[in-house]
Amino acid sequence: MASAGRKRKLIVQKYGGTSVGDIARMQNVAGRALAAQKAGNDVVLVVSAMSGETNRLLKLVNEITPRPSEREQDVVVATGEQVSVGLVAIAIQTQGGKATSFLGHQCRIVTDSTFSKARIQQIDGSRILDVVKQGHIAVVAGFQGVDEHGNITTLGRGGSDTTAVAIAAALEADACEIYTDVDGVYTTDPNVAPAARKLDRISYEEMLELASLGAKVLQIRSVEFAMKYRVPLWVKSSFSDDPGTLVCEEDATMEDLVVSGIALDRNEARISIRDVPDRPGVAAKIFGALDDKAIVVDLIVQNPPLGGKSDLTFTVGKADLTKAHDVVKKVSKELGAGDISTDQDIAKVSIVGVGMRNHSGVAARMFRTLSTEGINIMAISTSEIRVSCVIPSKYAELAVRALHTEFGLDQGAKKTKKAK
Ligand code: ADP
Ligand code: ASP
Ligand code: MG
């Protein structure tokens, strides 16, 4: 990406919840931002709510009702980031620097009106650039925006990553650095599999799959933005000086692995509808009604029909379960379908790798590994570079570790470079 003809480099640094988890950590962030500025860069910070805060706010809402107005819920949960930007700006000023904080609406992060998972449509970077030109560090609230009617919106869990990359794209920044509590992107979540290895680089495409499959180190929309606008994206630790992982275009120097990462998603829930009439238009009706409520459906499994009826199972995000259940209850009644059951104790484990394009038998190897561990597969889905299995959540960590070993990803396993 171009540096827009500027003399100084412009860097966007994003600090996640753990990195601003208490005042000492915010002071550490202030120090890092000032050091980057002193090194000759213009600096824009994007910060998240203090760790645990967004969950706390959602819990308060939930104590009143499991079916809140989504507009008002966004008003509540967006406040976590407001506290963080103010405190980080004060920390910078106290260390002798200049800083100005911005909420989403103040720097015109305009989104659509899909409350709780809004998409950024446009950012007016001029207010941020104005203060940066005057030597300030701009401290922007992640996760929040404003719609065309002036309503506060939020971008979905983990959305501060997307704020950061979108700002980096809008300002044509030289780099976007995502600071978190691990020192890069690993072959799998290092908190689940201690044998996980840090990757020096990963392609946008593989990162996109990993993020979409539950590797919450980057929100999927942030990777989409980075890929679309060619933003060089670094994932680094705010607690060390490790160079981290660069998310970039695929190239010949990347490791040649059949499977390059394993993702685990515990945020999905299963809904099953029994005895769904087997006739054209039924699936369209059920999934159309879910789509009308902006509920994203992931895996879908339909059993072969018996006596003109079949069972339908699909997964949705846990946060959407109540809403999805309400929708399905209504539509099932209209269709004359049978009982509805739900299950939150599921996990989705996925293997990802561009190398799968050139290797056969990868899915079978995955199923065999799970079977050897005695793990039952409830649903399967595949793409060109991914295989996902839904399994009982109690086996999630065992499955990740077994697959990590099976596909040669453990630390110390032999690595090969791609042939040039
Ligand atoms: P932040 O609050 O900084 O945004 P998150 O908790 O959203 O941090 O993301 C960082 C976490 O992502 C790590 O602590 C780790 O448990 C998890 N994670 C999942 N998959 C991976 C992976 N492949 N590489 C690194 N971290 C991962
Ligand atoms: N605070 C929000 C969340 O917890 C956004 C973020 O941290 O990226 O999901
Ligand atoms: Mg995050």
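For segment 180-193, give me each residue that is more than 6 Å from ligand 1 (Cβ to nearest atom) and open to solvent by less than 20 Å² (accessible area, probe 1.4 Å).
Once the filter is applied, which keeps residues that are more than 6 Å from ligand 1 (Cβ to nearest atom) and open to solvent by less than 20 Å² (accessible area, probe 1.4 Å), segment 180-193 yields Gly184, Thr187, Val192, Ala193.
Could you count how many residues in segment 60-80 are open to solvent by less than 20 Å² (accessible area, probe 1.4 Å), among the β-branched types (Val, Ile, Thr) and within 12 Å of ligand 2 (Cβ to nearest atom)?
Adding up the residues that qualify gives 1.
In segment 128-161, how many residues are assigned to a loop (DSSP other than H, G, I, E, B) and either more than 13 Å from Ala118 (Cβ to Cβ) or touching a residue at least 60 places away in the same chain (Cβ under 8 Å) (or both)?
12
Scan segment 188-204 and give yes if some residue there is part of a loop (DSSP other than H, G, I, E, B) and within 30 Å of Ser126 (Cα to Cα), otherwise no.
no
Looking for whichever is touching a helix residue (DSSP H, G or I) at 6+ places or on another chain (Cβ under 7 Å), open to solvent by less than 30 Å² (accessible area, probe 1.4 Å) and away from ligand 1 (no atom under 16 Å from the Cβ) here; the options are Leu34, Leu45, Leu57. Which one fits?
Being touching a helix residue (DSSP H, G or I) at 6+ places or on another chain (Cβ under 7 Å), open to solvent by less than 30 Å² (accessible area, probe 1.4 Å) and away from ligand 1 (no atom under 16 Å from the Cβ) holds for just one of Leu34, Leu45, Leu57, which is Leu34.
For the list (1) assigned to a helix (DSSP H, G or I); (2) in contact with a strand residue (DSSP E or B) (Cβ under 7 Å, 6 or more places away or on another chain); (3) buried (at least 24 other Cβ atoms within 10 Å of the Cβ); (4) of a type outside the set (Val, Ile, Thr), I need the number of the one condition that Gln93 fails.
Here Gln93 meets the rest and fails (3).
Does Val140 fit the bill of being away from ligand 2 (no atom under 15 Å from the Cβ) and open to solvent by less than 40 Å² (accessible area, probe 1.4 Å)?
When the stated conditions are applied, Val140 does not pass them.
I'd like the residue in segment 218-232 that is aliphatic (A, V, I, L, M) and surrounded by fewer than 22 Cβ atoms within 10 Å (Cβ to Cβ) and, out of all such residues, is farthest from ligand 3 (Cβ to nearest atom).
Met227
Please go through segment 143-170 and pick out each residue that is more than 16 Å from the chain's Cα centre (by Cα) and either crowded, with 24+ Cβ neighbours inside 10 Å or within 14 Å of ligand 3 (Cβ to nearest atom) (or both).
Those that are more than 16 Å from the chain's Cα centre (by Cα) and either crowded, with 24+ Cβ neighbours inside 10 Å or within 14 Å of ligand 3 (Cβ to nearest atom) (or both): Gly145, Thr153, Ile167, Ala168.
In this structure, does Gly214 turn out to be open to solvent by 20 Å² or more (accessible area, probe 1.4 Å), modelled with pLDDT of 95 or more and not in a strand (DSSP E or B)? Show your work before the answer.
Values: open to solvent by 20 Å² or more (accessible area, probe 1.4 Å): yes; modelled with pLDDT of 95 or more: no; not in a strand (DSSP E or B): yes.
The answer is no for Gly214.
Which strands (runs of 3 or more DSSP E) sit wholly inside segment 233-312 and have at least 2 residues that are touching a Cys at 6+ places or on another chain (Cβ under 8 Å) and either open to solvent by 40 Å² or more (accessible area, probe 1.4 Å) or at pLDDT 95 or above (or both)?
233-237
The values are calculated or read from the model by the stated rules, or taken from the named source; none is laboratory data. In this text, all values refer to a predicted model and were calculated from it rather than measured experimentally. Note that each Cβ is placed from the backbone with ideal geometry, even for glycine, and that neighbours are counted across all protein chains shown. Accessible surface is based on the protein model in full, side chains and every heavy atom, while ligands, DNA and RNA are left aside. Shrake-Rupley method; radii C 1.70, N 1.55, O 1.52, S 1.80 Å.
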